[in-house]
Number of protein chains: 2
Amino acid sequence: MSSNQAFQDFYADEFARCYGCGRLNEHGLHIRSWWDGDETVCTFVPRPEHTAIPGFVYGGLIASLIDCHGTGSAAGAALRARGGEPGTAPMPRFVTGSLHVEYLRPTPLGPTLEIRGTIQEIKGRKVVVTSTLSAEGVVCARGEVVALEIPEGFGAQGG
Amino acid sequence: MSSNQAFQDFYADEFARCYGCGRLNEHGLHIRSWWDGDETVCTFVPRPEHTAIPGFVYGGLIASLIDCHGTGSAAGAALRARGGEPGTAPMPRFVTGSLHVEYLRPTPLGPTLEIRGTIQEIKGRKVVVTSTLSAEGVVCARGEVVALEIPEGFGAQGG
């Protein structure tokens, strides 16, 4: 299995409409994350309109990247904890319980951004993921997502 | 002066390109915030594509609303602390130092969202703003923004 098989590529169709990471949202950002050893990684090139102060990336986009990378990483981690890898078993789906972002320095608009996640905790239906967001090797933001697994049957109800 | 004169309407042109709240960003969200007594308020109707799980609002959009409402509120609060109101003096411009969002319950997609901010602290170039985000009178998310005033001259350099 290629290491860039993204967690989000395996979400069930009814959970694949997210503006941030849904492969079926034609207007969305299509954020994708995958394993790199024990870390998770995502790369993203902001569009020119994703600006804050001219020349720098919009903080809300940075929050979105950390958010969807966090819930995707949580899904991958929960699956791995159950002995699975993307594509080998149904992918669980997590939503965000809380999101924290520290903006350490302005993030330049233009370069590819790399978000790297570390699984801090898996407990029941909760997974905690911390991430760094870097541009050209410099960490510009740090984030934490507390992700919660969606109860079974929610999709049928909600979607 | 009408109470819905938005803080963001008075940002200097070089600071009005933000994807979240810049009036000059033609692809952006055009988030606008204003005083309501001692609180700040913002209303926003998400677009259909701003979905998370179908039927509910994307968490990254909620983070963006709390973010830009927070920095806008910080600008209004700093101006008021100096004796000014929007339109009577140059509007300061804040960026986000940190952002925290608690997602209390799924936010329904469809109704107008209302974000209400409270100024918690003004200290030097730092302003702390807490916000609630509600749909049809129910608080669905809570947030905190630590906003930092941009040093003078940054615009000429960054923009």
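The values are calculated or read from the model by the stated rules, or taken from the named source; none is laboratory data. Keep in mind that what you see is a predicted model, and the values were worked out from it rather than measured. Note that each Cβ is placed from the backbone with ideal geometry, even for glycine, and that neighbours are counted across all protein chains shown. The area values use the complete protein model at the heavy-atom level, side chains included, leaving out ligands, DNA and RNA. Shrake-Rupley method; radii C 1.70, N 1.55, O 1.52, S 1.80 Å.
State which residue is nearest to the other protein chains (Cβ to nearest Cβ) when the search covers only segment B:139-159 and only residues that are open to solvent by 40 Å² or more (accessible area, probe 1.4 Å) and at pLDDT below 95.
B:Gly159
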Practice task
Give the residues of segment A:102-146 that are touching a helix residue (DSSP H, G or I) at 6+ places or on another chain (Cβ under 9 Å) and among the small types (Gly, Ala, Ser), sorted by residue number.
Solution key: A:Gly117, A:Ser131, A:Ala141, A:Gly143
Practice task
Just name the residue that is nearest to A:Ile115 (Cα to Cα) out of those in segment A:1-10 that are part of a loop (DSSP other than H, G, I, E, B) and either open to solvent by 10 Å² or more (accessible area, probe 1.4 Å) or at pLDDT below 95 (or both).
Solution key: A:Asn4
Handout entry: Odd one out for B:Leu61, checked against (1) open to solvent by 60 Å² or more (accessible area, probe 1.4 Å); (2) touching a Pro at 6+ places or on another chain (Cβ under 7 Å)
Key = (1)
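Quick check on this structure: which one of A:Gly87, A:Gly97, A:Gly76 is surrounded by fewer than 23 Cβ atoms within 10 Å (Cβ to Cβ) and over 17 Å from B:Ala63 (Cβ atoms)? Give the derivation first.
Numbers: A:Gly97 fails: over 17 Å from B:Ala63 (Cβ atoms); A:Gly76 fails: surrounded by fewer than 23 Cβ atoms within 10 Å (Cβ to Cβ).
Only one candidate qualifies: A:Gly87.
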Practice task
Can you give me the number of residues within segment A:35-53 that are in contact (Cβ under 8 Å) with a residue 24 or more places away in the chain, surrounded by fewer than 22 Cβ atoms within 10 Å (Cβ to Cβ) and in contact with a Phe, Trp or Tyr (Cβ under 8 Å, 6 or more places away or on another chain)?
Solution key: 1
Exercise for the section: Please specify each residue of segment A:119-138 satisfying the condition of being surrounded by 15 or more Cβ atoms within 10 Å (Cβ to Cβ) and over 27 Å from A:Glu14 (Cα atoms). Expected result: A:Thr132, A:Leu133, A:Ser134, A:Ala135
Problem - Where A:Glu136 falls short, out of the listed (1) away from chain B (no Cβ under 14 Å); (2) acidic (Asp, Glu); (3) closer than 27 Å to B:Ala141 by Cα - result: (3)
